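Participant: Questions regarding the structure given below will be posed in turn.
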Amino acid sequence: MQQPIAILDSGVGGLTVAREVMRQLPRERIVYFGDTARAPYGPRDPEEVTRFTREIVDYLIQFRPKMIVIACNTATAFALEDIRARVNIPVVGVIKPGARAAIGRTLTGCIGVIGTEGTINSGAYEDALREISPHVHVISEACPLFVPLVEKGNFRSFETYEAIRRSIGHLRKFPMDSLILGCTHYPFLAEVIQEVIGPNINLISSAEETAREVSTILQDQERMSRGEVLPVHQFFCSGDPKLFKSIAQQWLGEQIELTPVVWQVPKIG
Ligand code: DGL
């Protein structure tokens with residue numbers, strides 16, 4: 001059987017990246033893990049997020065993936081280098097691709113970033129943006145209310161609108177032209193975010209650019225799948241499988257097979 005691409009997140013957020021990988025690389029097989037039992041990762045400390053990410057990678061390694069995509073900004077900020085040092089396959093994060101996409105779109109050089117507390121406090125986006133364009137002006141805001149809303153499938157309610165308005169309404173006063181959705185859960189809320197922030201701001205999700213990076217690596221390594229038959233993807237989650245499945249089906253627009261994981265924390269060491 002062809003080797004899959006392993007994609008992981010704290011929950012359903014990484015599906016925004018998985019969908020783009022499926023669109024750009026329809027022949028690639030995906031094995032997805034959402035750690036829904038332990039989401040959100042945003043308020044957790046870096047050591048804990050790193051430990052959780054290691055545990056998921058240790059779980060996914062049994063499928064002999066040819067690549068790992070850390071489709072979670074918080075885990076990318078804290079654990080990307082750690083995971084790269086532990087496995088001998090390419091590991092792709094979502095922060096540099098997101099930063100590249102934003103720099104490619106901005107005309108004013110003033111970019112907003114919203115993400116979890118962990119991602120925003122790490123300063124990883126500022127670093128990634130300034131590495132590409134040293135004089136870029138960055139405005140960052142942590143939005144801890146967003147991930148729990150998405151995990152509940154609450155994308156467009158009044159409660160969601162109010163949470164978004166209170167969290168980012170004040171960003172309208174800045175002269176930015178692009179806003180990075182620095183959490184892979186946020187594309188689920190894109191409609192309401194756009195409504196609150198105004199129609200002239202480009203919303204930047206790292207999904208497309210991350211999928212492009214996956215594609216480039218596979219091409220460079222001559223590891224693209226060439227099968228004629230469309231692949232069967234596998235989805236795993238550590239929490240409530242019903243909710244995960246219904247959100248995944250809405251987002252991916254297809255029936256998915258889901259295996260709930262009885263999450264026994266593996267020994268690390
Ligand atoms: N999708 C994760 C991210 O991109 C959400 C983290 C969380 O669970 O708080 O950061």
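Participant: Among the residues of segment 194-210, count how many are more than 16 Å from W251 (Cα to Cα) and surrounded by fewer than 24 Cβ atoms within 10 Å (Cβ to Cβ).
Facilitator: 11
Participant: Give the number of residues within segment 100-127 that are of a type outside the set (G, A, S) and in contact with a helix residue (DSSP H, G or I) (Cβ under 8 Å, 6 or more places away or on another chain).
Facilitator: So the answer is 8.
Participant: On to the next question. Residue check, V138 against (1) part of a helix (DSSP H, G or I); (2) of a type in the set (A, V, I, L, M); (3) buried (at least 18 other Cβ atoms within 10 Å of the Cβ), all met but one. Which one?
Facilitator: Condition (1) is where V138 drops out.
Participant: Within segment 75-92, how many residues turn out to be without any contact (Cβ under 8 Å) to a residue 40 or more places away in the chain and in contact with a strand residue (DSSP E or B) (Cβ under 8 Å, 6 or more places away or on another chain)? Steps first, please.
Facilitator: Narrowing segment 75-92 to residues without any contact (Cβ under 8 Å) to a residue 40 or more places away in the chain: 79-89, 91.
Filter again for in contact with a strand residue (DSSP E or B) (Cβ under 8 Å, 6 or more places away or on another chain), leaving 79-80, 83-84, 87, 89, 91.
Residues meeting the conditions: 7.
Participant: If you don't mind, another one. Is there a residue being at positive phi and in contact (Cβ under 8 Å) with a residue 60 or more places away in the chain anywhere in segment 43-50?
Facilitator: no
Participant: Test A101 against the criterion of being at negative phi, within 18 Å of the chain's Cα centre (by Cα) and surrounded by 24 or more Cβ atoms within 10 Å (Cβ to Cβ), and give yes or no.
Facilitator: Numbers: at negative phi: yes; within 18 Å of the chain's Cα centre (by Cα): yes; surrounded by 24 or more Cβ atoms within 10 Å (Cβ to Cβ): no.
Here the answer is no, as A101 does not meet what is asked.
Participant: Now, a different point. Looking only at segment 106-135, which residues are surrounded by fewer than 18 Cβ atoms within 10 Å (Cβ to Cβ) and farther than 28 Å from E162 by Cα?
Facilitator: Answer for segment 106-135, where residues must be surrounded by fewer than 18 Cβ atoms within 10 Å (Cβ to Cβ) and farther than 28 Å from E162 by Cα: L107, T108, G109, D127, R130, E131, I132, S133, P134, H135.
Participant: Given the criterion surrounded by fewer than 20 Cβ atoms within 10 Å (Cβ to Cβ), in contact with a Cys (Cβ under 9 Å, 6 or more places away or on another chain) and charged (D, E, K, R), identify the matching residue among K152, K173, K245.
Facilitator: Going through K152, K173, K245 in turn, just one is surrounded by fewer than 20 Cβ atoms within 10 Å (Cβ to Cβ), in contact with a Cys (Cβ under 9 Å, 6 or more places away or on another chain) and charged (D, E, K, R): K245.
Participant: Further question: Please note which strands (runs of 3 or more DSSP E) are completely contained in segment 1-89 and include at least 2 residues that are in contact with a Pro (Cβ under 7 Å, 6 or more places away or on another chain), surrounded by 24 or more Cβ atoms within 10 Å (Cβ to Cβ) and not polar (S, T, N, Q).
Facilitator: Values: elements: 5-9, 30-34, 67-70.
Here the list reads 5-9.
Throughout, read-outs are computed from the coordinates displayed, never taken from laboratory work. Since the model is a prediction, treat every value here as computed from it, not as a measurement. Positions of Cβ are generated from backbone atoms using ideal geometry, with glycine treated the same way; all protein chains shown enter the neighbour counts.
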